[in-house]
Amino acid sequence: MENVGGAVGSSVRENPETKQNGLVNQINHFAGKPARLDRSKSTTGQALSGLKFISKADGADGWTAVEKRFEKITKTTEGLLIRSKFGECIRMKSKDFALVLFDALARRKHMTGDVIDKDMLKEFWEQISDQNFDSRLMIFFDMMDKDGDGRLTEDEVRQIINLSSSTNNLSAIQKRSAGYAAMIMEELDPHKTGYILVDNLKNLLMQAETLPEITNSEERRQPVEKITKKFNDTPYPSPSRTMYRRLGFFVLDSWQRIWVIALWLTITAILFTYKYIQYKNRAVYEVLGHCVCFAKGSAETLKLNMALVLLPVCRNTITWLRNKTRFGVLVPFDDNINFHKVIAVGITIGVGIHSITHLACDFARLIAATPEEYKPLGKYFGEEQPKRYSHFVKSTEGITGLLMVLLMAIAFTLALPWFRRGKLEKTLPKPLKKLASFNAFWYTHHLFVVVYILLIVHRYYLYLSKEWYKKTTWMYLEVPIALYACQRLIRAFRSSIRTVKVVNAAVYLGNVLTLKMSRPKHFKYKSGQYTFVNCPKVSPFEWHPFSITSAPLTTI
């Protein structure tokens, strides 16, 4: 059995000389734009192969096996097959892909329920096992056309590419899904109508059968332009309708991210407001004004964010929550690194507000205050009024604060893609070239250990809070730090007891590295797993995640 996922790419383990099948490669062939995948000459025959749903079914024999599974699965449901069991019944490995396929076939029958009987299942089977090109292309189109209006938007194209690549563990394709979708829309929707029709795709694929191998990029674009000319009379949708549809698809595709970010922003705003109001009602407000309110409000959000930023990198916990609990329905655990980056931006903003308001406003107001104004604040800053700016800078609070800002600035800067991916290596002076590397990012990112120690010290010596129960930083940090520390210990322990041996290594087109390793004892492969690889000669501390793309009997 093959998934429709074959239409958008092939496994990175394939021989690079193998011809690439699939719909996206057909588009790439005529797009005149370079792609990182090896793009061999495509034909309609290859497109037909790429659009296969059931490749080893020959009518009655295939249905017999499906019918037996149907009888077994529906023993307790009175002969009705529920939607969630559809993939199991037709032996489709990807549950998500099977659900999308079920919905597409159900829309054709104008079905609204989540159950089907044997007769309806047979109709579905006849459609997905049909080897006719038009039939398979229409099913593929219907899977993308989720609203059933006969038109595909860029978001719909991107969603099916994401689903197909995810189904086949093609992470490289998934990361470039937006680019592929944009390329398809650019070539098949030159007038920016906001959608494409099934005939656009069909004509483009059929046109490939009669075209010779073309190497000139300008010539490659000509067939596409000829094909799309026949769609010039397609009416333009109104801008408001197009925007509304795109917003709807965005919400549908990203609702998990939206509510998580909204919740985070709401909690952050509540903490900031709470602290702002608290200090506005204290005596220090008469001298320091809104500056101290902003400083303390941002400090409260920093406590939260410094705790949260550790949670997305607790990989074992995230894996357990995603696989063993129902939280995965609501929380996009696969976006953990992106959320880590978002929180880092929040920390940067909080540090900026907190530092600037203290250094540029609060300290200056204390120095400039009259003796009468300063007298109520003596119990916080000392009975003798500070006369110099250096009094605050050289204090424990000042030194720890400045050191934290410096270390955070270094870690944040070297974590930017230009440094982490070595993009600035050629432009930097020779003494600084090593800063533009993953090694520099890795080592400086682990300065967070020092930052957390400084943070605890900094919060212990607070000017305006002397009682221990008002120093709440430890309350925010204790659980995330303990959780992260335990996970690092578990990772170190696992790496010492489950050793593997590299059997073979190869580099394929697109700078893809494949490692063939011995299989650890009792190891059971599950889809989506990855392993961390360390090269001691480069760094004994640096570990890189590698996707596990297959698991034969003796190797992983």
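The values are calculated or read from the model by the stated rules, or taken from the named source; none is laboratory data. Owing to the predicted nature of the structure, the values given are computational and were not obtained by experimental measurement. Surface accessibility is based on the protein's heavy atoms, side chains included, excluding ligands, DNA and RNA. Shrake-Rupley method; radii C 1.70, N 1.55, O 1.52, S 1.80 Å.
How big is the gap, in Å, between the Cα center of the range 367-388 and the Cα center of the range 445-462?
If you average the Cα positions of each part, the centres end up 28 Å apart.
Using a 1.4 angstrom probe and counting only protein chains, how large is the accessible area of W259 in Å², to 10?
100 Å²
In what sequence, largest accessible area first, do C291, C89 appear using a 1.4 Å probe?
Working: C291 20, C89 0 Å².
Sorted by accessible area, descending: C291, C89.
Just the accessible area for R107, please: 1.4 Å probe, Å², rounded to the nearest 10?
70 Å²
Excluding ligands, DNA and RNA, what is the solvent-accessible area per residue of the range 365-522 at a probe of 1.4 Å, expressed in Å²? Walk me through the intermediate numbers first.
On the way: 10650 Å² over 158 residues.
For the range 365-522, the per-residue accessible area is 67 Å².
What are the residues whose amide H is under 5 Å from the amide H of V503, where those residues sit 5 or more places off or on another chain and H is modelled from the backbone?
Under 5 Å from the amide H of V503: K516, M517, S518.
Provide, for the range 385-477, the number of lysine pairs with alpha carbons under 29 Å apart, each pair being eight or more places apart or on different chains.
Summing the qualifying lysine pairs gives 9.
Which of K275/K379; K118/K524; K68/K95 have a Cα-Cα distance over 29 Å? Don't skip to the answer; put the middle values down first.
On the way: K275/K379 21 Å; K118/K524 35 Å; K68/K95 19 Å.
From K275/K379; K118/K524; K68/K95, over 29 Å: K118/K524.
Compute, for I270, the solvent-accessible surface of its heavy atoms (probe 1.4 Å) with the complete set of protein chains present, and express it in square angstrom to the nearest 10.
Approximately 100 Å² of I270 is accessible to the 1.4 Å probe.
Rank R519, R420 by accessible area, highest first, at a 1.4 Å probe radius?
Details: R519 75, R420 45 Å².
Largest accessible area first, the list is R519, R420.
Hey, what do the phi angles of the range 422-434 turn into as Karplus ³J(HN,Hα) couplings, whole Hz, using 6.51/-1.76/1.60 and θ = phi - 60°, x for Gly and Pro?
x, 5, 9, 4, 6, 8, 7, x, 3, x, 9, 4, 5
Within the accessible area of the range 320-451, what % is carbon and sulfur when the probe is 1.4 Å and the other protein chains stay in place? Don't skip to the end; give the middle numbers.
Details: 5630 of 8310 Å².
About 68 percent, which is the carbon plus sulfur part of the accessible surface.
Keeping every protein chain in place, order L330, L428, L483 by accessible area at 1.4 Å, biggest value first, i.e. largest first.
Numbers: L330 85, L428 40, L483 60 Å².
Largest to smallest exposure gives the sequence L330, L483, L428.
What are the ³J(HN,Hα) values, in whole Hz, obtained from phi via the Karplus relation 6.51 cos²θ - 1.76 cosθ + 1.60 with θ = phi - 60°, for each residue of the range 241-251 in sequence order, with x given for Gly and Pro?
Each residue of the range 241-251 in turn: 5, 4, 5, 5, 5, 5, 5, x, 5, 5, 5 Hz.
Please list, in order along the range 453-459, the HN-Hα scalar couplings obtained from phi with the Karplus expression 6.51 cos²θ - 1.76 cosθ + 1.60 (θ = phi - 60°), rounded to whole Hz, x for Gly and Pro.
With the stated coefficients, the range 453-459 comes to 5, 4, 5, 5, 5, 4, 6 Hz.
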